[in-house]
Each structure stands twice: as C-alpha cells, then as structure tokens.
1. Using 0.36 nm times the number of residues separating N26 and L156, minus their current alpha carbon distance, what extension gain do you get?
2. Which value, in Å², gives the accessible area per residue of region 39-81 when a 1.4 Å probe is used on the protein heavy atoms?
3. Among the listed pairs K36/K131; K28/K89; K11/K89; K89/K120; K110/K206, give every one whose C-alpha distance is greater than 24 Å.
4. List the residue ranges in the chain for DSSP H helices whose C-alpha atoms run 18 angstrom or more along the long axis and whose Kyte-Doolittle average is -1.0 or above.
5. Choose one answer from A158, A99, A66: the residue with the largest mean-square fluctuation in a GNM of the chain with alpha-carbon springs under 10 Å.
6. Given a 1.4 Å probe and every protein chain left where it sits, what share in percent of the accessible area of the chain is carbon and sulfur?
7. Could you state the principal axis extents of the C-alpha atoms in region 148-232, from the largest down, to the nearest angstrom?
8. Convex hull over the Cα atoms of region 40-140, averaged projected area in nm²?
Amino acid sequence: MDISDISGIRKPYNTRSNVFLEKDINVKNPFDLFDKWFQEARSNPNIVEPNAMCLSTATRDGKPSARFMLCKGYGKEGFQFYTHYTSRKGQELEANPNAALTFFWPVLSKSVRIEGPVEKLPPSYAEDYFKTRPYQSQVGALCSNQSKVIESRECLVAKANQLKEKYKEGEVPKPESWGGFIVVPAVMEFWQGQTDRVHDRIKFRKLKEGEDVDNIITHPGEDNWIYERLQP
Ligand SMILES: Cc1cc2nc3c(=O)[nH]c(=O)nc-3n(C[C@H](O)[C@H](O)[C@H](O)COP(=O)(O)O)c2cc1C
C-alpha cells in the first residue's frame, strides 16, 4: 500500500496523573468529574481551546460523520453547542437525534467521551448567545449556507462584504436556521493516560431497571449513575 508509515510516533505520557482512580473517583457524579477536568484544562495555558470537542452523528441508516465543535455550556442537563440546523450535522441530527462527543486534552493525557440523545435548545438561547458573538462571527454565520457547495472563496467573501455593508455592528440578525443543540448524557467515560501505558477508563452510565450494584464490578454513584472500570 502507498501509505506513510507513522507507526513509530509515540510520546511518553507525563506522570502527574497516576493517582487518577484513588483521587478522582471520589467524585461520584460524572458532571462534577467533568467539571473538575474541564477546569484543569481551562486553566492550562498550553490548551488553546479546552472546549473543542469532536461531535459524531450518524444518518438514520447508521453512516457516521464527525467534526469538531466548540462546547458553549455544560451541566447536569447536558452539553450545548451552536450550529446551522440545515448543515450536514443538523440534518443528521434531525433524522437521528443521537450523538457522541469526545474531548481530548493531550497535555493532560485526558479524554472524555459522552453519548446520548440530542435535543434542540429553545430559540431564545440562540438569540441570546448570537448577540454576544463578535461581529465577524455573526457575519460569518449569516453568510454561510453551511455544508453546501459554493464555487469559490471570492463568492463567500463577496457575500460577507455585502452583509457588512447592510448590517453594522450590533445589527446582524441571527440566521433563521442557526441554533443550539444539547447532548443529554446517557454515558460518560473518562480516560486517563498513564505513564506505564496501562491506562484508566471509568465509565459512568445510568442504572438499568432491576440491575444490582455489586460494589465489586459496578459501583454506585449519585443520581442513579453507576460507574465501572473498563479495560484500556
Ligand atoms: C476547533 C473547531 C471548532 C469548531 N466549532 C464549531 C461550532 O461551534 N459550530 C459550528 O457550526 N462549526 C464549528 N466548527 C466547524 C465544524 O468542524 C464543521 O466544519 C462545520 O460545522 C460543518 O460541519 P457539517 O458539514 O458536518 O455540518 C469548528 C471547527 C473547529 C476545527
């Protein structure tokens, strides 16, 4: 096969997080644990976009696609992002309202995976958030028929310039089809890379009806969450 062999690329993981389980697993709620990790990522000057996450969607017949997004809010209700409802992801979520999110903070050797159903956020959320966006971002959103083909960059820039003529700062309307989604977690998995390459994986999921928590394999968390260790 005509491929570049990059199999030798291997970075050592740092040692700072070797006590992952003993310390962090005391946080028995996946949202609190996410918050702890996110704050760590956010305060690290080497992490440029701590809220960047890969959003995976699929068509109704299960063909997947993935792209990076910026998370714009998180909490017990879920993880929020904003986009064009008419984009490829928007259409896939319309047809199949389930998604997976993956955060990766390489300098911390940490990753979080989230899976669950997706809902549209109320339009007022998008209205309010759109107003807070910088002028360029507002124009960028308004000039883009996201995921559709266009013949050249010049055409795009011309569209943006026309809009800048038409709307001054503070006047750009939110595009009709631009809005928010929230992924409501059913599963949240925390991955901590370890120096010895025997990595930690702790998966939180909701207790199934009638399921026993044996405190050996499966451990009770808060709010009907349980957690268990997966092999790396
Ligand atoms: C770091 C990063 C953050 C991004 N954040 C967003 C975002 O918040 N919303 C968005 O619509 N696109 C965002 N994009 C662009 C998307 O990755 C993607 O190109 C676009 O949404 C079209 O995706 P689709 O055709 O699958 O719908 C981001 C790209 C990168 C690299």
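The values are calculated or read from the model by the stated rules, or taken from the named source; none is laboratory data. Since this is a predicted model, take the numbers as computed values, not measurements. Please note that ligands, DNA and RNA were not included when accessible areas were found on the heavy atoms of the full protein model with its side chains. Shrake-Rupley method; radii C 1.70, N 1.55, O 1.52, S 1.80 Å.
1. Extra length from N26 to L156 when fully extended: 41.7 nm.
2. 60 Å²
3. Result: K36/K131; K28/K89; K11/K89 exceed 24 Å.
4. Membrane-span-like by this rule: 153-166.
5. A158
6. So the carbon and sulfur contribution to the accessible surface is 51 percent.
7. Result, largest extent first: 65, 35, 25 Å.
8. If you wrap the Cα atoms of region 40-140 in a convex hull and average its projections, you get 7.5 nm².
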